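Asker: Sharing a structure here in structure tokens format.
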Amino acid sequence: MKVLILFVTYVVLVTSTEEQFKLKVDYYNRLIQNALKQAKEYKSRQDNSDYFKDIKNEDGITDYGTFDFIVVGAGSSGSVLASRLSEVENFKVLLLEAGKLDDDLTEIPYVMNLLQSSDRDWGYYTTPQKNGCYGWKGNRCSYARGKVLGGSGSINYLAYARGNKGDYDKWASLGNPGWSFNDVLPYLQKLENFEADNIDRTYRGFAGPVNVAYKIPKENFTWIRNAYLEIGVKTIQDYNGKQQFGVSRIQRNIKHGRRVSGATGYVRPSSVRHNFNVTVEAFVTRILIDAITKSANGVEFIKNGRMFVAKARKETIISGGAINTPQLLMLSGIGPEDELNKHGIPVIENLPVGKYLKDHISLQVSYRTNISVATKSFCKYIEEYLNGEGILTNLENSVSISFFHTRNVSASVPNVEIVFFLPTPITKPMPPRSNFTADAQNYMEKLDQHTNIYFTIFLLHPKSVGTLTLQSNSPRDFPLIDIGIFSDPEDKEDFYKAIQIVNKIGKTKAVQMVDAKQIDYQFCNQFLRDSKEYWYCALEHMALPGMHMSSTVKMGPRRDPFAVVDSNLRVYGVRKLRVVDCSVIPTTISGHYNGPAFLIGEKAADIIKEAYNIPLQL
């Protein structure tokens, strides 16, 4: 009898578990299909007017309370910083985020294009570009930025490439003590949990909140490795370790196949603390600064149709990112005098905010092949995802990442990165937010994700410089984002040399085994195929900003004509105000910016704790 009862109980439990799994699959299928439908119908935001609808404050601005620290922006840096500050029980911390909570959809790596075609994205476009973005209407490239808990780290491509030792040593050499590679390495290790068979503990971390992992199952790396070997490029185990040059499997911020962000790794685990207030859908419109004492005392923000004011006893910290942070500073009276005067904003501190905008430049080069990818039902892909594996845990089937220097083979810092992608079996398209011209749209329609392989090239250290300025003195209006793409003609030459590397790979025996044929940019066919003029035309039309913006609130010594904050991230001339995000980065990085964003948050937290005599733990 006991055996029968146990058997019946087992059957019920198994049936219940199987049914629950089927319900989960159905839930995720509906979630993705709804997001796909919404993405197709989505119209990008044109401004911030949606926050200002139906504001009701007949009784005046509502007091939201007084805190020790207010952190504005829950992107990668802000999430880390607020979470780490809340570790100190006596610190009362408020984290304000303009977007909504992250959710089950944002955790799926493959759907990043859907996320960027939703209200989780700010909807930014560049200003009309003189030397590029010709494939977009009005020469205005789209510029994705996360408006959600976790910021851009909740909607990005999740590639983890933290940069080169020489990048950070250059920061220090420019007059930023404490930011050399040896100084920041302990923080890179502190934040990481690198899942690998062989971990070089001299360089990598293995117990931090930011998981770094390979896709499961691992892609067939042999084929592309052989192609690189044919052109003399060696395979390396870990491009985030001692050696960066060469080709390697790509590492991602995923855990059990799900996205890892500042929201999942830092904010959510810390949000249970009694001293930590996380407020979402809160759009900050102004930093409160005493014009006499030049001291920041808090912020004003809009939430649920009401204006609020929150006060900070110790510090106000802006972590809005390289676009929103400089805009907020300027709206609050901190910025170039001529720019503020132009918009009738009283000048509190004349600083070169937004004067030095840096970014990577990227281009996709695609090949048609005879590869045939086996497909499954979409529900099967969801089942794999729920088991922590499969295509939905990947980013458009990216396989490898490689680093080069196109001018100097003995250089220690690369100037080019190339990411390789295999065809993907997903049958339903994941549309990116786009505003293509007819020529560019025709080119995009030639691409077939089921048979194409492609290489995305990043120019890591372009000489071109852009600016970020105000459209008006109102927070309703987006800022003006002039990326200055190809404003320095040397960037085209460096990019052309990088394209020649891809062309060499495309001609290798390994790649030609799949009958690979490069897809023409038909709008450049007036030039000889593969000529410099042809590729310059392709770059002008289809090259994109790398979405790795930095330096608009540059860190540097007072003598630096573009510096806004010092090496402790304090805004010059204004007390109790810091900036903690990628806008402070003084030079471009040989990698992607999510890792450095986490690093900046980790280091800033210790800088602040040390300032208030809190013992550090590294």
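The values are calculated or read from the model by the stated rules, or taken from the named source; none is laboratory data. None of these values were measured; they are calculated from a predicted model. Counting neighbours? That spans all protein chains shown, and the Cβs are built from the backbone with ideal geometry, glycine included.
This table checks each residue for (1) at pLDDT 95 or above; (2) of a type in the set (A, V, I, L, M); (3) assigned to a loop (DSSP other than H, G, I, E, B); (4) at positive phi.
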site	(1), (2), (3), (4)
Arg558	yes, no, yes, no
Arg578	yes, no, no, no
Ser583	yes, no, no, no
Pro586	yes, no, yes, no
Pro596	yes, no, no, no
Ile600	yes, yes, no, no
Ala605	yes, yes, no, no
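Asker: Looking at segment 104-127, can you tell me whether even one residue there is without any contact (Cβ under 8 Å) to a residue 24 or more places away in the chain and either outside any helix (DSSP H, G or I) or more than 17 Å from Ser319 (Cα to Cα) (or both)?
Answerer: no
Asker: Which residues, taken from segment 34-53, are in a helix (DSSP H, G or I) and either in contact (Cβ under 8 Å) with a residue 40 or more places away in the chain or within 26 Å of Ile302 (Cα to Cα) (or both)? Even if it seems obvious, please write down each step before you answer.
Answerer: Applying the first criterion (in a helix (DSSP H, G or I)) to segment 34-53 yields 34-41, 49-52.
Matches in segment 34-53: Ala35, Leu36, Gln38, Ala39, Lys40, Ser49, Asp50, Tyr51, Phe52.
Asker: I've got another one for you. Taking the criterion of being closer than 26 Å to Met513 by Cα, crowded, with 22+ Cβ neighbours inside 10 Å and out of contact with any Phe, Trp or Tyr (no Cβ under 6 Å at 6 or more places or on another chain), would at least one residue in segment 182-204 satisfy it? Spell out the reasoning first.
Answerer: Start the filter on segment 182-204 by keeping residues that are closer than 26 Å to Met513 by Cα, which leaves none.
Within segment 182-204, not a single residue is closer than 26 Å to Met513 by Cα, crowded, with 22+ Cβ neighbours inside 10 Å and out of contact with any Phe, Trp or Tyr (no Cβ under 6 Å at 6 or more places or on another chain).
Asker: Related question: Could you please let me know if Leu94 is modelled with pLDDT of 95 or more, outside any helix (DSSP H, G or I) and either surrounded by 15 or more Cβ atoms within 10 Å (Cβ to Cβ) or not aromatic (Phe, Trp, Tyr) (or both)?
Answerer: Numbers: modelled with pLDDT of 95 or more: yes; outside any helix (DSSP H, G or I): yes; either surrounded by 15 or more Cβ atoms within 10 Å (Cβ to Cβ) or not aromatic (Phe, Trp, Tyr) (or both): yes.
The answer is yes for Leu94.
Asker: Now a separate question. Please identify the pairs in which a residue from segment 88-103 that is more than 30 Å from Leu115 (Cβ to Cβ) has its Cβ atom under 6 Å from the Cβ atom of a residue that is modelled with pLDDT under 95 and among the β-branched types (Val, Ile, Thr), counting only partners at least 6 apart or on another chain.
Answerer: Filtered contacts from segment 88-103: Val88/Ile614.
Asker: Out of curiosity, is Ile608 under 26 Å from Asp482 (Cβ atoms), β-branched (Val, Ile, Thr) and touching a helix residue (DSSP H, G or I) at 6+ places or on another chain (Cβ under 7 Å)?
Answerer: So Ile608 does not fit the description; no.
Asker: Within segment 59-76, take every residue that is part of a loop (DSSP other than H, G, I, E, B) and farther than 25 Å from Lys609 by Cα and give me the one that is farthest from the chain's Cα centre (by Cα).
Answerer: Keep residues of segment 59-76 that are part of a loop (DSSP other than H, G, I, E, B), which gives 59-61, 73-75.
With farther than 25 Å from Lys609 by Cα added as a condition, the list becomes 59-61.
Details: Asp59: 40, Gly60: 38, Ile61: 34 Å.
Step by step, filter segment 59-76, then rank; the result is Asp59.
Asker: Across segment 351-382, what is the number of residues that are in contact with a Phe, Trp or Tyr (Cβ under 8 Å, 6 or more places away or on another chain) and assigned to a helix (DSSP H, G or I)?
Answerer: 1
Asker: With the condition kept exactly as written, say whether any residue in segment 316-323 is out of contact with any Pro (no Cβ under 8 Å at 6 or more places or on another chain) and surrounded by fewer than 24 Cβ atoms within 10 Å (Cβ to Cβ).
Answerer: No; the residues of segment 316-323 include none that is out of contact with any Pro (no Cβ under 8 Å at 6 or more places or on another chain) and surrounded by fewer than 24 Cβ atoms within 10 Å (Cβ to Cβ).
Here's the yes/no breakdown for (1) at pLDDT 90 or above; (2) part of a loop (DSSP other than H, G, I, E, B); (3) of a type outside the set (Lys, Arg); (4) exposed (fewer than 11 other Cβ atoms within 10 Å of the Cβ):
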residue: Thr9; (1), (2), (3), (4): no, no, yes, yes
residue: Thr15; (1), (2), (3), (4): no, no, yes, yes
residue: Gln20; (1), (2), (3), (4): yes, no, yes, yes
residue: Val25; (1), (2), (3), (4): yes, no, yes, no
residue: Asn29; (1), (2), (3), (4): yes, no, yes, no
residue: Lys56; (1), (2), (3), (4): no, yes, no, yes
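Asker: All but one of (1) among the β-branched types (Val, Ile, Thr); (2) under 23 Å from Leu81 (Cα atoms); (3) in contact (Cβ under 8 Å) with a residue 24 or more places away in the chain hold for Val514; which doesn't?
Answerer: (2)
Asker: Looking for whichever is farther than 30 Å from Gly241 by Cβ and either of a type in the set (Asp, Glu) or surrounded by 21 or more Cβ atoms within 10 Å (Cβ to Cβ) (or both) here; the options are Tyr385, Tyr381. Which one fits?
Answerer: Working: Tyr385 fails: farther than 30 Å from Gly241 by Cβ.
None of the others qualify; the one that does is Tyr381.
Asker: Which is at positive phi and in contact with a strand residue (DSSP E or B) (Cβ under 6 Å, 6 or more places away or on another chain), of Gly466, Gly484?
Answerer: Gly484
Asker: Can you pull out every residue in segment 82-99 that is of a type outside the set (Asp, Glu) and within 17 Å of the chain's Cα centre (by Cα)?
Answerer: Selection gives Ala98, Gly99.
Asker: For the condition buried (at least 24 other Cβ atoms within 10 Å of the Cβ), under 25 Å from Pro462 (Cα atoms) and in contact with a Gly (Cβ under 8 Å, 6 or more places away or on another chain), what is the one hit in Pro545, Pro557, Pro596?
Answerer: The unique qualifying residue is Pro596.
Asker: Where the second residue is of a type in the set (D, E, K, R) and the first is within 12 Å of Ile418 (Cβ to Cβ) and lies in segment 219-246, which pairs have Cβ atoms under 6 Å and are six or more apart or on separate chains?
Answerer: Final answer for the pair search is Ile231/Lys504; Gly246/Lys234.
Asker: When the residues of segment 104-144 are filtered to those that are among the charged types (D, E, K, R) and closer than 30 Å to Lys492 by Cα, which remaining residue is surrounded by the fewest Cβ atoms within 10 Å (Cβ to Cβ)?
Answerer: It comes out as Lys130.
Asker: Assuming Ala263 fulfils every condition listed in (1) without any contact (Cβ under 8 Å) to a residue 60 or more places away in the chain; (2) crowded, with 18+ Cβ neighbours inside 10 Å; (3) touching an Asp or Glu at 6+ places or on another chain (Cβ under 9 Å) apart from one, which condition is it?
Answerer: Among (1) without any contact (Cβ under 8 Å) to a residue 60 or more places away in the chain; (2) crowded, with 18+ Cβ neighbours inside 10 Å; (3) touching an Asp or Glu at 6+ places or on another chain (Cβ under 9 Å), Ala263 violates only (1).
Asker: Does Trp179 qualify as being under 30 Å from Lys509 (Cβ atoms) and of a type in the set (Phe, Trp, Tyr)?
Answerer: no
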